[in-house]
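The values are calculated or read from the model by the stated rules, or taken from the named source; none is laboratory data. What you see is a predicted model, and the numbers here were worked out from it, not measured in a lab. For neighbour counting, all protein chains shown are included, and Cβ atoms are generated from backbone atoms with ideal geometry for every residue, glycine included. Ligands, DNA and RNA are excluded from the accessible area calculation, which covers all protein heavy atoms including side chains. Shrake-Rupley method; radii C 1.70, N 1.55, O 1.52, S 1.80 Å.
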Amino acid sequence: YFWSEACGYCKKMETETFSDSAVIAFLNKHFIAVKVNSDNERGVVSGYNVQGLPDNWFITEKNEIIGNQPGYIPPDMLLPLLRYIHTDSYKKMSYKKFLGTK
């Protein structure tokens, strides 16, 4: 999760999305969450070619990039995305198809 103190949508993600109990529980159980301050970690920002904030990246245990989702993501949209990645469904189907299978 790339963020900056000057980013309004980053603050919104902090107060709405990353404070949601269901999001917190799912992230804590299935992911290793990393918060990168884009102002302090310019090299990492450049390495991932982050163009805007906030920007959420998903990376495998082997450091392979699954993908990223830029912009603000409300809790009710982040949870299905996290399930899509956690279940490895991204390897088998599009996200749109995954959402339609529920």
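To the nearest 20 debye, what charge dipole does the chain have about its Cα centre, counting +1 at the Cβ of each Lys and Arg and -1 at the Cβ of each Asp and Glu? Kindly include the intermediate steps, with their values, before the conclusion.
On the way: 12 positive and 11 negative charges, 103 e Å.
Taking the Cα centre of the chain as origin, the dipole is about 500 debye.
Which order do Thr87, Thr60 take when ranked by solvent-accessible area (1.4 Å probe, heavy atoms of all protein chains), largest first? Kindly include the intermediate steps, with their values, before the conclusion.
Details: Thr87 65, Thr60 35 Å².
Greatest to least solvent exposure: Thr87, Thr60.
First measure r as the distance between the Cβ atoms of Lys29 and Tyr9, then evaluate 1/(1 + (r/R0)^6) with R0 = 41 Å and state the FRET efficiency to the nearest 0.05.
0.95
Can you compute 3J(HN,Hα) from phi for each residue in region 52-69, using the Karplus curve 6.51 cos²θ - 1.76 cosθ + 1.60 with θ = phi - 60°, rounded to whole Hz and x for Gly and Pro?
So the J values, rounded to whole Hz, are x, 10, x, 9, 9, 10, 10, 10, 6, 4, 8, 6, 8, 6, 7, x, 9, 10.
How large is log10 I(q)/I(0) at q = 0.13, 0.16, 0.17, 0.18 Å⁻¹ when the Debye formula is applied to the Cα atoms of the chain, each weighted equally and without solvent?
The Debye formula, applied to the Cα set alone, gives -0.47, -0.72, -0.81, -0.91.
Using the structure shown, select from Lys11/Lys91; Lys29/Lys62; Lys62/Lys96; Lys62/Lys92; Lys35/Lys91 the pairs with a Cα to Cα distance greater than 22 angstrom. The partial results should precede the final answer.
On the way: Lys11/Lys91 32 Å; Lys29/Lys62 18 Å; Lys62/Lys96 26 Å; Lys62/Lys92 19 Å; Lys35/Lys91 25 Å.
Exceeds cut-off: Lys11/Lys91; Lys62/Lys96; Lys35/Lys91.
Using a probe of 1.4 angstrom, how much of the accessible area of the chain is carbon and sulfur, in percent? Could the numbers behind the result be given before it?
On the way: 3470 of 6660 Å².
So the carbon and sulfur contribution to the accessible surface is 52 percent.
Tell me, in nm to one decimal, what length is gained between Ala22 and Ile66 on full extension, where the rule is 0.36 nm per residue of separation less the Cα-Cα distance? Could you put the intermediate results ahead of the total?
Details: separation 44, 0.36 × 44 = 15.84 nm, distance 2.24 nm.
That pair, Ala22 and Ile66, stretches by 13.6 nm at full extension.
How much accessible surface does Val44 have with a 1.4 Å probe, in Å² rounded to 10?
Counting only protein heavy atoms, the figure is 60 Å².
Which whole-number percentage describes the relative contact order of the chain, with Cα contacts under 8 Å and a sequence gap of 6 or more? List each step's numbers first, then the result.
Details: 104 pairs, mean separation 32.9, N = 102.
Relative CO of the chain lands at 32 percent.
Can you give me the accessible area per residue for the chain, using a 1.4 Å probe, in Å²?
On the way: 6660 Å² over 102 residues.
Here the residues of the chain average 65 Å² of exposed surface.
Sorting Met13, Met77, Met93 by accessible area (1.4 Å probe), largest first, what list results? Each step should come with its number before you reach the end.
Working: Met13 0, Met77 115, Met93 50 Å².
Final ranking, largest accessible area leading: Met77, Met93, Met13.
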